[in-house]
Amino acid sequence: MNIRKLKNKLGIAVLTSSLIITALFLVVFLARIFYKGASVLSWEFLSAPPREAMTAGGIFPALVGTFWLTVSSISIALPLGVLTAIYLTSYGKPRWFVRIVRIAINTLAGVPSIIYGLFGMAIFVNLLRFDVSLLAGAMTLAILALPIIINASEEALRSVPKDFREASLALGATERQTIQRVLLPTAFPNILTGAIISIGRVAGETAPIMFTAATFYSRRLPQTPFDEVMALPYHIYALMTEGTHAAKQVPIAYGTALVLLCLVLSISAVAIYIRYRIRKTRKW
Amino acid sequence: MVREQIKTEKLNLWFGSNHVLHDIDIPIYDKKVTAMIGPSGCGKSTLLRCFNRMNDLIDETRIKGKVLINGEDIYAPKADVTQIRTRVGMVFQKPNPFPKSIFNNVAYGLAIQGKYSKSEIKDRVEKSLKDAWIWDEVKDRLHESAFSLSGGQQQRLCIARALANNPEVLLLDEPTSALDPQSTAKIEELCLVLKNQVTILIVTHNIAQAGRISDFTAFMYLGDLVEFGPTEKLFTVPTDNRTEAYLTGVFG
C-alpha cells in the first residue's frame, strides 16, 4: 500500500473518531439525565408544587414560570429584532450609524449572561421599579435574545433574491409594501429559525433571571406580570446549592433537567414543523 | 402620423463619477415596438431603466435632462414614482416571479393599489393571462406556485403581471436572453400582437430579434445614441459607420 492511500485512511480515521467522541459526549449526557431523571417523573411531579423544603412534590410553578418567561421574552424580542433587521437591511442610512448599531449588536451577543442579570436588576428591577418580577425577567431575557434574532433576521432578509424587490418596485409598490408583501413572507422561515434558537437560549438561562425574576420557592402561580416566578433552570440551581437533604434533592434536580430539556425540544419541534410546512409549500 | 409618447431631452446620467448616458434625445412612438441595440456596456439597459425610474434604486445616481411621458416630466420634483411605475411596466432579463401562486403574482400590482374589488382583480388577472398567451396553460392551476412553471412560461407570467396594471408602456430588458429558441419565438410573436395595446421598448443583444419585431431601432455605443430610425432603414442603409460595423458583426 502506498503512502498516499495510507494517509487518506489515517485522515478518515481521525475524522471518524472526532465524530464518535463528540457524539459520545452527547449520548452519555442525555442518557445520564434520562436515567437519573426518569425515576422521579410522575403526573404529580409535573402538576404539583414542591413540598417539604423541596424534598418532595413537583415542579409545576417552575414549569409555568419558565413557560411565561420564554413566551413573553420572545414576544418582546421578536418584533423588536425583526423591525431592527428590516431597518438595517432596507433603510440603513447613514452608513456610519448602521455600522455603530451593528457593532453594538455583536458586542451585545458576546456579553456574559450574568452581566445581563446585573443590568436587568439595575434598570428594570431598581430604576423602573418592576421589582423582582416576571416582567423584569422577560425584559432581561429579551435583550439577551435580541442579537440572535436580529442577526438571523438580517441574514434571512439579505438572502431574499434582489429580483423580487425589483419586480415589486417596478409594479408600482412602495418600499413598505415590498417589505411587507414580498421580503418578509419570503424570509419568514429563516427568521423563524432564529426565533427557535433563541427560545432554546432563553428557556435555559439562569444568570439573567437570578436577580430579576426568579424565586427559590413559591407555592402559587404568578397572577400578574409583577409577580416573581419560579423557573426550571433556577430551580435546578437551587436544588443543587441550597437545602440539607442532598439525597432527596439531587434526583429531583435531574428530573427538572429532564423536563427542561423536553420543554425546549418540544417548543423547537413545533417551530421546526411550522417552518417545514411553509418551506414545503414554496419552492424557488 | 404616429404620436410621440415618450421623449427625452438632453438626458445625462452618472453613476458616481461614471458618465453613462450622454445627451440622449430619443423619441418613442405610441403603439410601436422600439428596439435598443448596442454592445455590452453601451448604456441601453440604463436608458431603458430611466423610463420607469428604476435607476433611482442605485446609490449615487445623478440625472440631468428630461424624460417626458405624454408631455409630463417624470423626473420633476412632484412626480409620483409609484404612479409612474404602474403606468410603465417592466419585464426583466431573468424571469422573476414572486414566490407566490400564479394568480397572486398577476394580482400583485392591482392588490397593492388597494382600489380594486376582488371580482375586478379576478377579471383583470384572467384578461392579462390571456393577453400574455399563458391562460390555457395555467387556468387549471392558478393557485399553484409560479415556480412550477417552465422558464418561458415564467417570463410570459411576468409579462401578464406587468400587463395587469394596464400600462401605457412596456419595458422589456433582454426578455428572451435566458430562454430557449421556442420560448423566444413565442415572446417575439406576442410582442407583435401586444403593440396594438401598449407601446413596447425592448433592449436586446440579438440583432436579428430587433430586425424581426421592431418598428424603430436605436443603436447605442459608449453612452451615445449613435443612430435612431425606422428599423428597415437603419438595417439597410445605416448613416453612421459605427452602426454599420455593429450590424455586420465587426464588433459586438
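No value in this document is a laboratory result; all are computed from the given coordinates. None of these values were measured; they are calculated from a predicted model. All Cβ positions, even for glycine, are placed from backbone atoms using ideal geometry, and neighbour counts span all protein chains on display.
The DSSP beta bridges internal to chain B are antiparallel in roughly 60% of cases. Each residue of region A:5-22 was assigned a 3J(HN,Hα) from its phi angle through the Karplus expression (A = 6.51, B = -1.76, C = 1.60, θ = phi - 60°), giving 5, 5, 4, 4, 4, 4, x, 4, 4, 4, 4, 4, 5, 4, 4, 5, 4, 4 Hz with x at Gly and Pro. Set the Förster radius R0 to 45 Å, insert the Cβ-Cβ distance between B:Asn196 and A:Thr107 as r into 1/(1 + (r/R0)^6), and round the FRET efficiency to 0.05. So, using R0 = 45 Å, E works out to roughly 0.15. Taking a point 7 Å out from the Cα of A:Val28 in the direction of its Cβ, none of the residues of region A:255-280 has a backbone N less than 16 Å from it.
Among the residues of B:88-99, the average count of other protein chain beta-carbon atoms within 10 Å of the residue beta-carbon is 5.
Local charge for B:Val250 was computed over the other residues whose Cβ lies under 14 Å away, with Lys and Arg +1 and Asp and Glu -1, and equals -1. Under the criterion of Cα pairs below 8 Å and six or more residues apart, the relative contact order for chain B equals 27 percent. Toward the positive end of the charge dipole of region A:1-160, with +1 on the Cβ of Lys and Arg and -1 on the Cβ of Asp and Glu, the farthest Cα among A:Leu134, A:Gly58, A:Tyr116 is that of A:Tyr116.
Normalising the average separation of contacting C-alpha pairs (under 8 angstrom, six or more residues apart) by the number of residues puts the relative contact order of region A:44-281 at 28 percent. Per residue of peptide B:234-244, the mean number of Cβ atoms on other chains within 10 Å of the residue Cβ is 0. Counting only alpha carbon atoms, the long axis of helix A:134-158 and the longest principal axis of chain A meet at about 30°.
Approximating the spin labels as points 7 Å out from Cα along Cα→Cβ, the A:Tyr217-to-A:Ala53 distance works out to 0.8 nm. Calculated FRET efficiency, A:Arg176 to A:Asp131, Cβ-Cβ distance, R0 = 45 Å: about 0.70 to the nearest 0.05.
For the pair A:Ser268 and B:Tyr116, label points projected 7 Å from Cα toward Cβ lie 4.6 nm apart. Compared with the dominant principal axis of the Cα atoms in chain A, helix A:60-86 is inclined by about 20°.
Given +1 at the Cβ of Lys and Arg, -1 at the Cβ of Asp and Glu and no other charges, the dipole of the protein assembly as shown around its Cα centre is 1200 debye to the nearest 20. Comparing mean-square fluctuations of B:Gln182, B:Gln154, B:Gln209 from a GNM of chain B with C-alpha springs under 10 Å, the top value falls on B:Gln182. Comparing Cα centroids, region B:15-61 and region B:69-102 end up 14 angstrom apart. When you count the other C-beta atoms within 10 angstrom of each residue and take the mean per peptide, A:190-199, A:19-28 line up highest first as A:190-199, A:19-28. Connecting C-alpha atoms closer than 10 Å in a GNM of chain B, tell me which of B:Ser214, B:Ser117, B:Ser145 has the biggest fluctuation. Taking springs between Cα atoms under 10 Å, the residue moving most is B:Ser117.
Taking every DSSP beta bridge that has both ends in the protein assembly as shown, the antiparallel portion is near 60%. Of all the options A:Thr84, A:Thr212, A:Thr66, the one that moves most in a Gaussian network model of chain A with Cα springs shorter than 10 angstrom is A:Thr84. Averaging Cα coordinates gives a centre for region B:196-252 and one for region A:207-284; these two points are 71 Å apart. If you plug the beta carbon distance of B:Asp25 and A:Arg279 into 1/(1 + (r/R0)^6) with R0 = 51 Å, you get a FRET efficiency near 0.50. Averaged over the residues of B:79-86, the number of partner chain Cβ atoms lying within 10 Å of the residue Cβ comes to 3. Model label points for B:Ala79 and A:Ile100, set 7 angstrom from Cα along the Cα-to-Cβ axis, are 3.6 nm apart. Computed per residue of chain A from DSSP H runs no shorter than four, each worth -39500 (n - 2.57), the mean residue ellipticity at 222 nm is -23500 deg cm²/dmol. Relative contact order of region A:9-163, taken over Cα pairs closer than 8 Å and 6 or more residues apart, is 25 percent.
With a cut-off of 13 Å between beta carbons, the residues surrounding A:Phe216 carry a summed charge of -1, where Lys and Arg count +1 and Asp and Glu -1.
Taking Lys and Arg as +1 and Asp and Glu as -1, the other residues whose beta-carbon sits under 14 Å from that of A:Ile150 total +1.
Packing order of peptides B:129-141, B:47-59, highest average first: B:47-59, B:129-141 (average count of other Cβ atoms within 10 Å over each peptide's residues).
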